[in-house]
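The values are calculated or read from the model by the stated rules, or taken from the named source; none is laboratory data. Note that the coordinates shown come from a computational prediction; the quantities given were computed from them, not determined experimentally. Every residue, glycine as well, gets a Cβ built from its backbone with ideal geometry; the counts of neighbours run over all protein chains shown. In case anyone asks, the SASA skips ligands and DNA or RNA and just uses the protein heavy atoms, side chains included. Shrake-Rupley method; radii C 1.70, N 1.55, O 1.52, S 1.80 Å.
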Amino acid sequence: MGQPFDLSFNARRIVSDIRRVGPMSRADLARTLSITPSTVTRLAVQLIDDGLLCEHNDPNRKPQKGYPAKLLTINPRGLCTAGVYLDPDRIMTCISTLSGDILAQDEMAVPDRSFDAIMSAAGAKVKNLIEDANVDMNRMAGCGVSYPGRYSQDPNLVMRISQFKGWPKVNVRRDLSPYFGMPVQHMNDAKAACLAELYHGTARNLQNFCYIWLSYGIGGAAVVDQHPYLGRNNGAAEWGGLFPKSKPRPSGQDLLDSLGRAGLPLDRLSDFTDDHLTHPAVTQWRKRASEQMRWLCLVIARTFAPQGIVIGGTLHNSLIEGFIRDITDRDSLGEEFEQAAPKIIRASRDHLPQLGPAALPVHNVLSPARYLGQVSKGR
């Protein structure tokens, strides 16, 4: 078998279209991608041999001259990845297939918040999960890691959040791989969560959308033509920067601070339960935060004009759903906004935040936008 992870530009386009649309015939691919049938056939045979695609009979079509009556589909276990999501409360890990099916997963409490303790625990768990899932290492495209933090001037350096203030200055390209024994890619938690929605979730068929991630802070991502738009130094769509930390903001940490001032201190977002929802401090916080979220959606609609705005995160589910109701119950996002508002969509994969970083190696291997070679019609 040849190296299945070094795909040409058109091979990436073929796999990406099948992943997004579903099973497709060679004829449909040639027509949709505007490449010759012979090129589709040659690349399809290569992708089948490499184990990334499989082909089965199409019960709705009769054979036509030059086109077999068959459909090309993704072979889910043709490529597997590891995903690691960590926040100040927990470490969540998984082994995922190309189609987003989780073969093995685990969640553990953070042993302590030091960098070495967290990464050592995560690396050991990933190795155990690969064994549990019985995955051939030759089929592992790599490992994705995500944790909260804004990017600095150097996209390899992520600014430390207050809960990780004891961490050293981490270079994500250099300092993460030794813990996992394979190539590691990193995105912050918000942008990785957006990838999960793009590849496996509610935004799979949206060409253009923005994502709002609500956790201890506020993060986000933008997708243009099915490709994450990262901007300069990976700094695009960092919505939290629109709300100064010196003032109240619709973030999980601000919620915890509000509860603390009201005499109900909580150390972690995971300590927030249904019982806290009716507390007067929460009611007041949610009313103010809903207005801030509506304003943020107006800013996004005015600047990106996306098809949809996806909202998710580790904030309590009732709070996120409440924001969405408060935004969609109004006739307009704001005064003089006369266009139809983008669809406000609940994220469908934020309960599996490790699936976002697991999508990172898939994105690197399959996205036509990530192809670094020379593009030609026949490749």
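Table for the structure above
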item: Top-ranked residue in region 187-202 [being outside any loop (DSSP other than H, G, I, E, B) and hydrophobic (A, V, I, L, M, F, W, C); ranked as surrounded by the most Cβ atoms within 10 Å (Cβ to Cβ)]; result: 193
item: Pairs where the first residue, in region 46-57, is over 13 Å from residue 70 (Cα atoms) and the second is open to solvent by less than 60 Å² (accessible area, probe 1.4 Å) and polar (S, T, N, Q), C-beta under 8 Å, 6+ apart; result: 51/75; 52/75
item: Members of region 330-345 that are in a strand (DSSP E or B), open to solvent by less than 90 Å² (accessible area, probe 1.4 Å) and in contact with a Gly (Cβ under 7 Å, 6 or more places away or on another chain); result: 345
item: Residues located in region 146-157, provided they are more than 15 Å from residue 240 (Cα to Cα) and either open to solvent by less than 40 Å² (accessible area, probe 1.4 Å) or of a type outside the set (D, E, K, R) (or both); result: 146, 147, 153, 155, 156, 157
item: Pair list, Cβ under 7 Å, 6 or more apart: region 171-190 residue at positive phi, other residue charged (D, E, K, R); result: 181/127
item: Matching residues in region 92-115 - criterion: being farther than 20 Å from residue 189 by Cβ and either among the hydrophobic types (A, V, I, L, M, F, W, C) or open to solvent by 20 Å² or more (accessible area, probe 1.4 Å) (or both); result: 98, 99, 101, 103, 104
item: From the options 348, 270, residue that is hydroxyl-bearing (Ser, Thr, Tyr), on the phi < 0 side of the Ramachandran plot and surrounded by fewer than 16 Cβ atoms within 10 Å (Cβ to Cβ); result: 270
item: Residue in region 203-224 that is under 18 Å from residue 350 (Cα atoms), assigned to a loop (DSSP other than H, G, I, E, B) and of a type in the set (Ser, Thr, Tyr) present; result: yes
item: Qualifying residue in region 311-329 (condition: outside any helix (DSSP H, G or I), of a type outside the set (Phe, Trp, Tyr), open to solvent by 50 Å² or more (accessible area, probe 1.4 Å) and modelled with pLDDT of 95 or more); result: no
item: Residue list for region 256-272, restricted to those being in contact (Cβ under 8 Å) with a residue 12 or more places away in the chain and either of a type outside the set (Gly, Ala, Ser) or assigned to a helix (DSSP H, G or I) (or both); result: 256, 258, 259, 261, 264, 268, 269, 270, 272
item: Single residue of region 170-199 satisfying the filter (among the charged types (D, E, K, R) and more than 20 Å from residue 240 (Cβ to Cβ)) that is modelled with the highest pLDDT; result: 175
item: Residue pairs meeting the criteria (Cβ under 8 Å; at least 6 apart or on separate chains; first more than 26 Å from residue 195 (Cβ to Cβ), in region 13-34; second at pLDDT 90 or above and of a type outside the set (A, V, I, L, M)); result: 26/37; 26/41; 27/37; 30/36; 30/37; 30/39
item: Evaluation of residue 160 against (1) open to solvent by 60 Å² or more (accessible area, probe 1.4 Å); (2) of a type in the set (D, E, K, R); (3) over 28 Å from residue 217 (Cα atoms) (one fails), failing number; result: (3)
item: Residue within region 223-238 that is surrounded by 16 or more Cβ atoms within 10 Å (Cβ to Cβ) and small (Gly, Ala, Ser) present; result: yes
item: Residues of region 239-262 that turn out to be closer than 22 Å to residue 89 by Cα and either modelled with pLDDT of 95 or more or open to solvent by 20 Å² or more (accessible area, probe 1.4 Å) (or both), as a count; result: 14
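Per-residue answers, yes or no, for (1) among the aliphatic types (A, V, I, L, M); (2) farther than 23 Å from residue 291 by Cα:
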{"position": "195", "(1), (2)": "yes, yes"}
{"position": "210", "(1), (2)": "no, no"}
{"position": "230", "(1), (2)": "yes, yes"}
{"position": "233", "(1), (2)": "no, yes"}
{"position": "238", "(1), (2)": "no, no"}
{"position": "243", "(1), (2)": "no, no"}
{"position": "256", "(1), (2)": "yes, no"}
